Amino acid sequence: MPNPSYCIIGAGLVGLNAARYAQESGGHVTVFEQTDKVGGTWVYTDEVGKDKYGLDIHTSMYQGLKTNLPKELMGFPDFPIGEQEESFVTAAEVLQFIVNFTDKFELWSCIKFEHHVVRVTRLMDSDKWEVIVKNLPSNTYETYQFDFVLICNGHFFKPFIPEIAGADLFKGRRMHSHDYRCPEPFRGKNVVVIGGSHSGVDVAIASAPVANRTVLSHRHTSQLNIFNDKVIQVSEIARIRENEIDFVDGSKHPCDVLVFCTGYQTCFPFLSVDSGIQVEENHVKPLYKHCINIRFPSMAFLGLPFHSCFTLMVDLQSRFCIKFFSGAKELPSQEEMWADNRRDEEERAARGLLGKAAHMLDGDLQQRYYDELARVADIEPLKPVLTKLYDACITEKRNNMLTYRSNVYRIIDDENFVKIRGSGVSN
């Protein structure tokens, strides 16, 4: 197909990377971005709730955020984040990296800012995709047709809040970490944080110096060895009362502010039912290699797998999809893709990776996934040193939650890395 047209939804890190490869392959690229900036979730704003157009604020960025993976794992293979000494960089540095990437690959002209994708529908009579977009400043609707659609709208914008007994009786303030920006509103308050993953730990650490009391509720079977005496660790919540929380371990604590650090729901509100895609408990299906829509393989979803070297992974996924979409290589038949999907899901079921874990790259699955994408598409693979460094960083984070971001790493070759600052040397 000469000069195919590509619709890319989202001008964050993932969408811009996809736009680069689609453009380099000779495609005509249009990127729709509902805000007025590149960067997606890496763009900080004090605003929460709705924006000036009545749309949900997309970003979940908060003040003082630093990456939880080192920059050595967060750049692209031929475009690193920077030469700064520190491995764990600030959100502002990541955003500048995205702007620099947009400059380097001359992507500005293909981005339609303040254009909100309303509907993506399959046109059965032409094998194209119809995309209806709202031009937000003019309050008008525009209709386009594309050969390919790459969905890169991110997965950290629709908060998940679990149902907990008594929640409707609570008299204090309830919020999700999506709306957390700084700890000042917690000053003098009794704060209960739900969730022992990245955001939960960050919010608990940040709130402790200003709050009257900070309680962290999590599912870990043992205490996280990361806090000072101001953070009280408890089990899951049993019941919420008007001004108090009961926990499964039998403890009770007063609560003025309840912060849900409970993750996000994967959703694509613009997808028509005829797209062939279903989303169940964050499991997007049916997909070939966790990215290409098997029923209509001119659509792809980038960035779904997690517990990964995310930026490098989406670069690999982009190259994988564009290799087929551009016609440089022929996709396997639908029968082959369905068979591959069944094998993958059977193995995941045997490992207990169902529902919300359906796209998790657990253990050895991470390097296997990278190697398989590269093999199938005949593209440059990711080096083994990357998953080795990832695994080492995750271990460091679990053991030294308060200090792991002070570690500094350097990659030596395809297999080895060193820690040049921190507790000892790793490779």
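The values are calculated or read from the model by the stated rules, or taken from the named source; none is laboratory data. The shown structure was predicted, so the numbers you read here are calculated from the model rather than taken from an experiment. With ideal geometry, Cβ positions are generated from the backbone for all residues, glycine too; neighbour counts draw on all protein chains shown. We work out accessible area using only protein heavy atoms, side chains counted, and drop any ligands, DNA or RNA first. Shrake-Rupley method; radii C 1.70, N 1.55, O 1.52, S 1.80 Å.
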Roughly how many debye, to the nearest 20, is the charge dipole of the chain about its Cα centre, given +1 on each Lys and Arg Cβ, -1 on each Asp and Glu Cβ, and no other charges?
1040
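Which length gain, in nm to one decimal place, applies between ASP371 and PHE79 when the Cα-Cα distance is subtracted from 0.36 nm times their residue separation?
Values: separation 292, 0.36 × 292 = 105.12 nm, distance 2.07 nm.
In short, 103.0 nm is gained.
What does the accessible area per residue of the chain come to in Å², with a 1.4 Å probe and no ligands, DNA or RNA counted? Don't skip to the end; give the middle numbers.
Working: 19280 Å² over 427 residues.
Dividing the accessible area of the chain by its residue count gives 45 Å².
Largest first, how would ILE411, ILE240 line up by accessible area (1.4 Å probe)? Walk me through the intermediate numbers first.
On the way: ILE411 65, ILE240 0 Å².
Largest accessible area first, the residues go ILE411, ILE240.
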Count charges around LYS189 for me, please; just the other residues with Cβ under 10 Å from its Cβ, Lys/Arg as +1, Asp/Glu as -1.
+2
Can you list residues from other chains, or at least 5 along the same chain, whose modelled amide H is less than 5 Å from the amide H of LEU107?
none
Taking the Cα centre of region 190-323 as the origin and placing charges on Cβ (Lys, Arg +1; Asp, Glu -1), which of VAL279, SER298, TYR264 is farthest toward the positive end of the dipole?
SER298
³J(HN,Hα), Karplus 6.51/-1.76/1.60, whole Hz, each residue of region 240-255, x for Gly, Pro:
9, 10, 4, 9, 8, 10, 9, 10, 4, 6, x, 7, 9, 9, x, 8
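Counting Lys and Arg as +1 and Asp and Glu as -1, what is the net charge of the other residues whose Cβ lies under 10 Å from the Cβ of SER217?
On the way: positive: ARG219; negative: GLU236, ASP249.
Result for the local shell: -1.
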Measure nothing but the geometry: give the 0 to 90° angle between the long axis through the Cα atoms of 365-377 and the longest principal axis through the Cα atoms of the chain, rounded to 10°.
10
Would you pull out the residues with amide H under 5 Å of HIS253's amide H, same chain only if 5 or more places away, H placed 1.01 Å from N?
ILE245
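How large is the dipole of region 173-260 about the Cα centre if only Lys and Arg carry +1 and Asp and Glu carry -1, each at its Cβ, rounded to the nearest 20 debye? It would help to have the intermediate numbers written out before the result.
On the way: 11 positive and 10 negative charges, 27 e Å.
It works out to roughly 120 debye.
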What's the extension gain from LYS230 to GLN96 if we count 0.36 nm per residue and subtract their Cα-Cα distance?
44.7 nm
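Would you please classify the overall shape of region 1-149 from the alpha carbon gyration tensor, given that a ≥ b ≥ c denote the square roots of the eigenvalues, rounded means a/c under 1.5, and beyond that prolate means a/b larger than b/c while oblate covers the rest? Write out the running numbers ahead of the final one.
On the way: a/c = 2.64, a/b = 1.38, b/c = 1.91.
Oblate, because a/c is 1.5 or more while a/b does not exceed b/c.
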How large is ³J(HN,Hα), in whole Hz, for each residue of region 200-214 in order, when computed from phi with the Karplus curve 6.51 cos²θ - 1.76 cosθ + 1.60 and θ = phi - 60°, using x for Gly and Pro?
x, 5, 4, 5, 4, 5, 5, 6, 3, x, 10, 6, 5, 7, 10
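Per 0.36 nm of contour for each residue apart, how much would the distance between ASP340 and ILE412 grow if the chain were fully extended, relative to their Cα-Cα spacing?
My answer for the length gained is 22.4 nm.
Over the chain, with every protein chain in place, what whole percent of the accessible area is carbon and sulfur at 1.4 Å, could you tell me? Could you put the intermediate results ahead of the total?
Numbers: 9620 of 19280 Å².
Accessible surface attributable to carbon and sulfur in the chain totals 50 percent.
If you count, for each residue, the other Cβ atoms within 10 Å and average over each peptide, how do 130-137, 164-171, 177-184 line up from highest to lowest? Kindly include the intermediate steps, with their values, before the conclusion.
Numbers: 130-137: 17.2, 164-171: 13.0, 177-184: 18.8.
Per-residue mean Cβ counts within 10 Å order the peptides as 177-184, 130-137, 164-171.
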Work out the count of Lys pairs in region 280-427 where the Cα-Cα distance is under 17 Å, with the pair 8 or more places apart or on different chains.
7
Helix-only [θ] at 222 nm, the chain, -39500 (n - 2.57) per DSSP H run of 4+, per residue, nearest 500, equals -7500 deg cm²/dmol
Helix 334-351 sits at what angle to the longest principal axis of the chain, using alpha carbons and giving 0 to 90 degrees rounded to 10?
20
Judged on accessible area alone, 1.4 Å probe, highest first, TRP42, TRP129 line up as TRP42, TRP129
